[in-house]
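What follows is a set of notes on a single structure, which appears directly below.
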Amino acid sequence: MIQDLHSHTYYSFCGKDSPETVVEAAIAGGIELFGFTDHNHGIGFLRKDAYKAPEDVIPCSYDDRALKRYYDHINLVKEKYADKIKILRGIEITAMLDKPKVALPEGADVSFFDYCLIENPDYENSLVKKDLFSFAERCGCPYTGVAHTDMFKFIGSIGEDPYLYFKRMAEQNIFWEMNVSYDSIHKYREHPYVLRFFEDKEQQAIIRESGARLSVGFDGHRIEDYLPDRVANYCKKITEIGIKLVFEE
């Protein structure tokens, strides 16, 4: 299965293109399963000027009703292109405590999304507080992914056994993202943890034996930067080493 489960549209302030434009690029690139994962704050603040406004300026508040409107838009896109590609309705959760306009508000409901991506649970100032399982439960989505994070480093930092930790992730439908971004937004940097994983037989064995699932995400923000062949190559690499992708039967 060729899947890309990390993408951004104009709903994310860092994104540029409409959901329709983004999915058409995925279809043209041969992607079979595609997930939209705009940032919760990009969706919730509705307008960039509201997001950037000082706390004492109105309007500057988060509107969690916007999450439903976003979901509805993506659902329409899912229906429109159903005969060409399978689409999942996801959301990327930012959890940085020192940036209140970025972090997911305590009462915001994201449980109706097909899955969520939690970015950087390893940050010291993260709402995750190094308890990934409790935060995934708080989000309430059927599946939870960990985005652009060196999970082996994170697991080591909290003194857990990698095999047992990944096994628990598998049991709770938490998957690990191989972020394969290579674009202008990310200054054409590759994630060291991804490169290391495909060289490290021991890490591969732990994932394989624990039953944990991986995902591939380009983390695209501009369709002119999109490299679907890169996504496909990494999906194939994962399959070739005997590891299953999330949502793969």
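Can you find a residue in the stretch 59-73 that is open to solvent by 20 Å² or more (accessible area, probe 1.4 Å), under 26 Å from residue 213 (Cβ atoms) and not in a loop (DSSP other than H, G, I, E, B)? Looking for residues that are open to solvent by 20 Å² or more (accessible area, probe 1.4 Å), under 26 Å from residue 213 (Cβ atoms) and not in a loop (DSSP other than H, G, I, E, B), one finds at least one in the stretch 59-73, hence yes.
Within this structure, residue 44 passes the test of being out of contact with any His (no Cβ under 8 Å at 6 or more places or on another chain) and open to solvent by less than 20 Å² (accessible area, probe 1.4 Å).
The residue that is surrounded by the most Cβ atoms within 10 Å (Cβ to Cβ), counting only those in the stretch 123-178 that are within 24 Å of residue 192 (Cβ to Cβ) and of a type in the set (Asp, Glu), is 177. Tally time: how many residues in the stretch 25-48 are over 23 Å from residue 245 (Cβ atoms) and assigned to a helix (DSSP H, G or I)? Going through the stretch 25-48 one residue at a time, the tally reaches 6.
Of the numbered criteria (1) of a type in the set (A, V, I, L, M); (2) within 21 Å of residue 23 (Cα to Cα); (3) in a loop (DSSP other than H, G, I, E, B); (4) in contact with a strand residue (DSSP E or B) (Cβ under 9 Å, 6 or more places away or on another chain), the one residue 82 fails is (4).
When the residues of the stretch 220-249 are filtered to those that are among the acidic types (Asp, Glu) and at pLDDT 95 or above, the one that is most open to solvent (accessible area, probe 1.4 Å) is 240. Filter the stretch 105-122 for residues that are open to solvent by 10 Å² or more (accessible area, probe 1.4 Å) and assigned to a loop (DSSP other than H, G, I, E, B) and give the result. Residues satisfying the conditions are 105, 106, 107, 109, 111, 112, 114, 120, 122.
The values are calculated or read from the model by the stated rules, or taken from the named source; none is laboratory data. All figures in this text were calculated on a predicted structure; none of them were measured in a lab. Methodologically, a virtual Cβ is constructed for each residue, glycine included, from the backbone with ideal geometry; neighbour enumeration extends over all protein chains shown. SASA here: full protein model, heavy atoms, side chains in, ligands and nucleic acids out. Shrake-Rupley method; radii C 1.70, N 1.55, O 1.52, S 1.80 Å.
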